[in-house]
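One structure below.
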Amino acid sequence: MRELLADAALQRLILQATVETLYMVGFSLAIALVCGLPLGVLLVVTAPGHILPQPKLNAALSSVINAGRSIPFIILLFLLMPVTKLLVGVSIGTRGAIVPLAVAAIPFVARVVESSLQEVDPGVIEAAQAMGASPVQIIFKVLLPEAWPTLLLGFTLTAINLVGYSAMAGAIGGGGLGDIAIRYGYQRFRDDVLLETVVILIALVQAAQSAGNWLARRAAKDQRRFNA
């Protein structure tokens, strides 16, 4: 009876950890999109030969983003602990993990946006310029709408990466499924708990990928209908 009660309590913990993982990923993804999307757009439009060429600004911004992407996430967790505590009041736990997760994702989102916008046909941009469109109009009415399906796939990839990062954060006290896997699975020699957390993480990734693919296909279909 005691074992059944213990297993029931453990299942509640796993359910709570799943919610914590979704909370961490959701909030950090939102922050990363809000910050990373403008950075990616700026990277593209300030490139030499684009609509707002600023080579020095572009080079500096690119260097900062490369520096951010080069720091391993596990190091970033410890590096940002003072900043995290200043911003959210704690340096560990579910809330504490959101800051390093978002910071790790921002440069990734910026590069995803840059890559997507660079695929937009230059002829479309030139046509918009010929019709007298301003740089702001080109960004919001040409670049972003044309690249929207690809952007959705990139944002999906970001969410999937954040699921993995959140598990890593959980391993050092960030909460979520990673914390459950380490404390109740690995440290207590419960292979069933490890397996269950892995299955849930796989399910989350599959759900995110499926949703992202569906949204991208829907956006591409709407785009073709609009251009027809």
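The values are calculated or read from the model by the stated rules, or taken from the named source; none is laboratory data. Predicted, not measured: the structure shown is a model, and the values here were computed from it. Every residue, glycine among them, receives a Cβ derived from its backbone with ideal geometry; neighbour counts consider all protein chains shown.
Applying the selection to region 19-47, what residues are in a helix (DSSP H, G or I) and polar (S, T, N, Q)? Working first, answer last.
Step one: filter region 19-47 for residues in a helix (DSSP H, G or I), giving 19-45.
If the condition is that a residue be in a helix (DSSP H, G or I) and polar (S, T, N, Q), then 21, 28 are the ones that fit.
Table: residues versus (1) closer than 27 Å to residue 77 by Cα; (2) modelled with pLDDT of 90 or more; (3) surrounded by fewer than 14 Cβ atoms within 10 Å (Cβ to Cβ).
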{"position": "11", "(1), (2), (3)": "no, no, yes"}
{"position": "14", "(1), (2), (3)": "yes, no, no"}
{"position": "18", "(1), (2), (3)": "yes, yes, no"}
{"position": "32", "(1), (2), (3)": "yes, yes, no"}
{"position": "56", "(1), (2), (3)": "no, yes, yes"}
Residue that is farthest from the chain's Cα centre (by Cα) [pool: residues in region 126-144 that are touching a residue at least 40 places away in the same chain (Cβ under 8 Å) and surrounded by 17 or more Cβ atoms within 10 Å (Cβ to Cβ)]: 138
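So, in region 79-96, exactly how many residues are touching a residue at least 40 places away in the same chain (Cβ under 8 Å) and in a helix (DSSP H, G or I)? Outline the logic, then answer.
Taking region 79-96 first, the residues touching a residue at least 40 places away in the same chain (Cβ under 8 Å) are 92-94, 96.
Applying the additional criterion that residues be in a helix (DSSP H, G or I) yields 93-94, 96.
Count: 3.
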Number of the condition not met by residue 103 [criteria: (1) free of Cβ contacts under 8 Å to residues at least 40 places away in the same chain; (2) more than 20 Å from residue 154 (Cβ to Cβ); (3) buried (at least 19 other Cβ atoms within 10 Å of the Cβ); (4) not hydroxyl-bearing (Ser, Thr, Tyr)]: (2)
Need the failing condition index for residue 35 against (1) out of contact with any Leu (no Cβ under 6 Å at 6 or more places or on another chain); (2) farther than 30 Å from residue 136 by Cα, just the number. (2)
Residue 157 is checked against (1) crowded, with 19+ Cβ neighbours inside 10 Å; (2) closer than 30 Å to residue 20 by Cβ and fails just one. What number does that condition carry? (1)
Residue 180 passes all but one of the listed conditions (1) within 28 Å of residue 8 (Cβ to Cβ); (2) β-branched (Val, Ile, Thr); (3) surrounded by fewer than 22 Cβ atoms within 10 Å (Cβ to Cβ); the exception is number (3)
Show the residue pairs that are 6+ apart or on different chains and have beta-carbon atoms under 6 Å apart, the first residue being within region 56-69 and over 14 Å from residue 36 (Cβ atoms), the second being in a helix (DSSP H, G or I) and not hydrophobic (A, V, I, L, M, F, W, C). none
